[in-house]
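> Below is one structure. I have some questions about it.
The values are calculated or read from the model by the stated rules, or taken from the named source; none is laboratory data. Only a predicted model underlies this, so the values are computations on that prediction, with no experimental measurement involved. As a convention, Cβ positions derive from the backbone with ideal geometry for all residues, glycine included, and neighbour counts pool all protein chains shown. Keep in mind that these areas ignore ligands, DNA and RNA; they rest on the heavy atoms of the full protein, side chains included. Shrake-Rupley method; radii C 1.70, N 1.55, O 1.52, S 1.80 Å.
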Amino acid sequence: MSRWIQEGDNVDITNERKKGTFDTERMSAWIHGGPEVLKRRREILSFVKSIDDFKDPVPTEFMSREERILNNARKVVAMTDNTDQIDGSDFFGEGMYYQALTMGRDLHAMSLHYVMFIPTLQDTQSSGQTDDEQLDEWLTKAISRAVVGTYAQTELGHGTNLSKLETTATYDSATEEFVLNSPTITAAKWWPGGLGKSSNYAVVVAQLYTKGECKGPHPFIVQLRDDETHMPLKGIRLGDIGPKLGINGNDNGFLLFDKVRIPRRALLMRYAKVKPDGTYVAPAHSKLGYGTMVFVRSIMIKDQSTQLAAAATIATRYASVRRQGEISPGKGEVQIIDYQTQQFRVFPQMARAFAFMAAATEIRDLYMTVTEQLTHGNTELLAELHVLSSGLKSIVSWDTAQGIEQCRLACGGHGYSQASGFPEIYGYAVGGCTYEGENLVMLLQVARFLMRAAEGVRKGTAKLADIGAYIGKTGSKTSRLTTHHHYTDADLVADLEHAARKQVFRAYDRLKKAQQHLSPEDAWNSVSVELAKASRWHVRVYLVKNFLNKVALAPQDLKFVLTDVARLYAYDIITSSIGAFLEDGYMSSNQMNEVKEGIYECLAKIRPNAVALVDSWDYDDKELKSVLGRRDGNVYPALLEWAQNSQLNRSDVLPSHTKYLGPMMKDARSKL
């Protein structure tokens with residue numbers, strides 16, 4: 001019997017679990033990287049559940065913002081007091097899982113301390129910026145929590161466009177100090193997590209000026225608050241930026257400097273340096289300073305896939321216990337998961353989550369490879385990692401946000417309640433579309449790589465990495481698809497590569513034409529929509545190829561159901577862009593109809609395995625945080641119990657009635 005089935009569970013969800021045609025436990029092990037990893041997840045879960053300090057006094061949906069920040073601070077101290085329970089070197093795995101179980105879908109006072117501040121200091125990451133002396137001075141303080149740091153880069157007036165940041169750090173050789181200044185309101189640092197009220201140190205990115213020349217943005221470590229009183233230091237103005245769409249347990253902040261002096265060695269000098277006399281020493285590679293952003297984008301891809309998987313789990317389980325309407329009159333109401341329209345709405349989101357998780361594993365491995373190479377001065381893969389992480393960050397975060405909303409809609413009115421978990425999931429995940437690089441800007445960065453590749457192909461000088469090799473292929477003039485039953489992985493990928501290649505060269509040709517009468521900048525802007533389209537196709541080709549490759553290596557007893565999921569993901573991409581395949585006669589309408597038939601067949605084949613598939617992600621109710629998606633399927637009693645936590649239910653008669661509504665009705669009655 002499945003470990004997911006227990007006495008007292010909803011009958012419908014129990015029956016769904018019994019329908020599964022594969023071993024859920026083996027699928028969970030495959031998803032998470034093996035039986036030992038799965039075992040460790042459950043050990044961490046058991047530990048978190050055993051600690052009272054990790055428990056919320058009431059559901060967080062019923063807390064005020066001040067209560068959430070206080071509650072999160074309490075939990076993060078308890079969480080970091082117990083880091084011996086996890087492998088600290090495995091942030092992608094055990095670290096992220098431990099934090100998700102403890103903090104839920106919220107950030108906390110030390111989120112950026114661990115995700116950006118410490119990685120910026122460390123020499124074991126490609127993101128590390130300190131030299132050996134600075135590492136010795138700061139890393140122990142940060143790891144021991146003697147200081148709490150954040151990462152202050154984004155400004156009120158500039159986010160993605162780092163070259164135009166306005167905060168300045170001007171070197172004074174007479175005192176061997178930098179003078180930090182915010183010359184305008186728009187130079188205010190804005191958004192860094194924990195900056196408002198919690199952090200007392202920050203890595204601040206500012207324009208470095210020395211000997212009268214601007215050397216561009218550089219990172220500095222800066223004390224913001226007194227170590228004892230926690231009051232802001234002289235010349236520093238900072239605070240909280242107010243409530244947001246989500247993650248309101250975190251004090252995102254603003255920061256302005258008024259001619260604040262910091263020592264020369266506050267400049268992080270692993271790559272770029274300023275000597276005592278003000279001489280600037282440039283880094284050996286111009287992109288080495290981008291490591292922190294790439295690191296964060298890499299972990300974002302996993303985090304986003306996890307949120308979409310949670311949404312798909314909730315929608316699938318709820319659709320299994322919700323009965324509404326009759327398909328055949330007189331035969332009783334059916335589970336809404338039996339409606340093909342419901343499957344068509346939810347199952348593609350499930351498929352996306354699987355595809356994104358597969359990509360997250362790949363990007364993690366590539367990041368680790370680049371990290372190792374950089375320790376030996378090898379920057380060969382850094383550009384590829386930057387392009388891939390930028391493109392995946394954009395596509396995955398956008399598709400995740402859209403997918404969460406589809407899952408919410410699939411749950412009807414109850415999906416609108418915070419009890420569902422969807423408002424919190426969406427509020428948490430959708431921020432990924434804009435932080436760490438606005439998505440369209442990221443796509444245009446990918447497009448620069450694609451245009452260089454296209455130029456190389458046209459000139460016969462291209463040396464394309466595997467991810468871009470399709471750009472140099474000739475390809476077939478028509479699709480080899482006959483029926484969806486005989487549609488091989490190779491043919492499917494070839495069709496997607498055709499659409500991507502065509503869009504890359506469409507954008508390239510338009511760009512070259514525009515450059516004949518416009519400046520390079522204006523020409524680029526005039527074709528930016530086509531460039532973004534090319535980048536989307538490029539990334540989606542990668543996602544499909546990577547997912548199919550992962551499935552091809554899966555154990556035989558899991559491969560059949562994973563193939564259905566992978567095919568649904570690929571078919572959904574094709575049918576969502578019909579024009580790209582029909583416009584030049586590459587596909588006929590009959591071939592496109594075959595792809596559509598493939599979708600319907602995938603939906604039907606996934607249907608009996610749907611609950612087992614989402615169970616395979618191994619979400620515990622503590623992590624899922626959803627009344628609608630609870631493991632036992634007993635949704636309706638749980639909804640009523642959840643509602644009792646409302647502050648409005650603390651009394652039967654509210655002041656709103658006593659003060660306003662009651663007198664109004666009494667006065668109206670007296671006049672009848």
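> Among all the lysines, which ones have a C-alpha under 18 Å from LYS605's C-alpha, if same-chain residues fewer than 8 places away are not counted?
List returned: LYS18, LYS19, LYS559, LYS596.
> Using a 1.4 Å probe over the heavy atoms of the protein chains, calculate the carbon and sulfur portion of the accessible area of segment 148-283 as a whole percent.
54
> Then there is this: Evaluate 2.2 N^0.38 Å with N set to the residue count of the chain, then give the Cα radius of gyration divided by it.
Values: Rg = 27.1 Å, N = 672, 2.2 N^0.38 = 26.1 Å.
Compared with the compact-globule rule of thumb, the chain sits at 1.04.
> Would you mind getting me the FRET efficiency between LYS244 and SER64? Use the beta-carbon distance for r and R0 = 22 Å, nearest 0.05.
The value I calculate is 0.90.
> Still on this structure, I have one more. Using unit Cβ charges (K, R positive; D, E negative) and no other charged atoms, how large, in debye to the nearest 20, is the dipole of the chain about its Cα centre?
1500
> Once the cut-off is 18 Å, how many percent of the Cα-Cα pairs in segment 257-387 end up in the long-distance tail?
Numbers: 5965 of 8515 pairs.
More than 18 Å apart: 70 percent of the Cα pairs in segment 257-387.
> Could I ask something else about it? Take peptides 314-325, 226-237, 625-636 and line them up by average Cβ neighbours within 10 Å, highest first, as a rough protection proxy.
Ranking the peptides 314-325, 226-237, 625-636 by packing returns 314-325, 625-636, 226-237.
> Using the charge dipole of the chain (Lys, Arg: +1 at Cβ; Asp, Glu: -1 at Cβ; taken about the Cα centre), state which of ALA315, ALA284, TYR367 has its Cα farthest towards the positive end.
ALA315
> Oh, and also: Report the FRET efficiency, 1/(1 + (r/R0)^6), for LYS234 and LEU464, where r is their Cβ-Cβ distance and R0 is 56 Å, rounded to 0.05.
Efficiency, from the Cβ-Cβ distance: 0.55.
> Once you list every other residue whose beta carbon is under 14 Å from the beta carbon of THR210, what net charge do they have if Lys and Arg are +1 and Asp and Glu are -1?
Net of charged neighbours comes to 0.
> Hey, what do the phi angles of segment 404-414 turn into as Karplus ³J(HN,Hα) couplings, whole Hz, using 6.51/-1.76/1.60 and θ = phi - 60°, x for Gly and Pro?
Here the 3J(HN,Hα) series is 4, 5, 4, 5, 4, 4, 5, 9, x, x, 5 Hz.
> Could I have the simple spin-label model distance between ASP621 and ALA282, label points 7 Å from Cα toward Cβ, reported in nm to one decimal?
6.1
> Tell me which residues come under 5 Å, amide H to amide H, from PHE178 once H is placed; ignore anything under 5 positions away on its chain.
Those qualifying (amide H under 5 Å, at least 5 residues apart or on another chain) are ASP172, ILE262, ARG264.
> Across segment 411-504, what fraction of all alpha-carbon pairs, as a whole percent, falls in each successive 5 Å bin from zero upward?
Final binned percentages: 2, 10, 14, 12, 11, 11, 11, 13, 9, 4, 2, 0.
> Over what distance in Å are the Cα centres of segment 305-325 and segment 366-392 separated?
After rounding, the separation between the Cα centres reads 37 Å.
> Also, quick follow-up: Once phi is turned into ³J(HN,Hα) by the Karplus curve 6.51 cos²θ - 1.76 cosθ + 1.60 with θ = phi - 60°, what whole-Hz value does each residue of segment 229-237 show in order, with x for glycine and proline?
8, 6, 6, x, 6, 4, x, 10, 10
> So with the 1.4 Å probe, I'd like the accessible area per residue for the chain, rounded to whole Å².
44
> Given C-alpha coordinates of segment 63-175, what is the ratio Rg to Rh with the Kirkwood estimate of Rh?
Radius of gyration over Kirkwood radius for segment 63-175 works out to 1.02.
> Another question, then. If one computes the Cα centroid of segment 1-62 and of segment 410-486, what distance in Å separates the two points?
Going from one Cα centre to the other spans 31 Å.
> If you average the C-alpha positions of segment 91-147 and of segment 524-573 separately, how far apart do those two centres end up, in angstrom?
Segment 91-147 and segment 524-573 have Cα centres separated by 32 Å.
> Which aspartates and glutamates have a Cα less than 13 Å from the Cα of LYS141, not counting those fewer than 8 places away in the same chain?
ASP227
> Ignoring any ligand, DNA or RNA, what whole percent of the accessible area of segment 555-672 comes from carbon and sulfur when the probe is 1.4 angstrom? Don't jump to the answer; show the numbers that get you there.
Working: 3330 of 5920 Å².
C and S atoms contribute 56 percent here.
> Using the Karplus curve 6.51 cos²θ - 1.76 cosθ + 1.60 with θ = phi - 60°, work out ³J(HN,Hα) for each residue of segment 98-110 in order, rounded to whole Hz, and write x for Gly and Pro.
In residue order, the calculated couplings are 4, 5, 4, 5, 7, 9, x, 8, 8, 9, 8, 4, 10 Hz.
> Between ASN634 and TYR416, what is 0.36 nm times their sequence separation minus the Cα-Cα distance? Round to one decimal in nm.
In short, 76.6 nm is gained.
> Let me check I've understood the local charge: for PHE91, count other residues with C-beta under 12 angstrom from its C-beta, Lys and Arg +1, Asp and Glu -1. What total comes out?
Once all neighbours under 12 Å are counted, the net charge is -2.
> When the helices in the chain are scored as -39500 (n - 2.57) per DSSP H run of 4 or longer and the sum is shared across all residues, what 222 nm value do you end up with, to the nearest 500 deg cm²/dmol?
Roughly -16000 deg cm²/dmol at 222 nm, from the helical runs in the chain.
> What are the aspartates and glutamates whose alpha-carbon lies under 12 Å from the alpha-carbon of LYS622, with same-chain residues fewer than 8 places away excluded?
Straight-line reach from LYS622, under 12 Å: ASP56.
> Report the charge-dipole magnitude of segment 157-285 in Debye, nearest 20, computed about the Cα centre from +1 at each Lys and Arg Cβ and -1 at each Asp and Glu Cβ.
Working: 16 positive and 12 negative charges, 58 e Å.
With only Lys, Arg, Asp and Glu charged at Cβ, the dipole is about 280 debye.
> Also: What's the local net charge at LEU238, with K and R +1, D and E -1, over the other residues with C-beta under 15 Å away?
0
> Here's something else I'd like to know. Check segment 148-283 and count each lysine pair with an alpha-carbon distance under 18 angstrom, considering only pairs eight or more places apart or from different chains.
14
> Next up: How high is the FRET efficiency between ASP509 and LEU672 when r is their beta carbon distance and R₀ equals 60 Å, given to the nearest 0.05? Please report the intermediate quantities before stating the final value.
Values: r = 78 Å, r/R0 = 1.29.
Using R0 = 60 Å, I get an efficiency of 0.20.
> Kindly provide the pair-distance distribution of segment 148-283 built from C-alpha pairs, with 5 Å bins from 0 and whole-percent values in order of increasing distance.
2, 11, 21, 24, 19, 13, 6, 3, 1, 0
> Pop a pseudo-label 7 angstrom from the Cα along the beta-carbon direction at both LYS141 and GLU43 and give the gap in nm to one decimal.
Result: 3.5 nm between the two label points.
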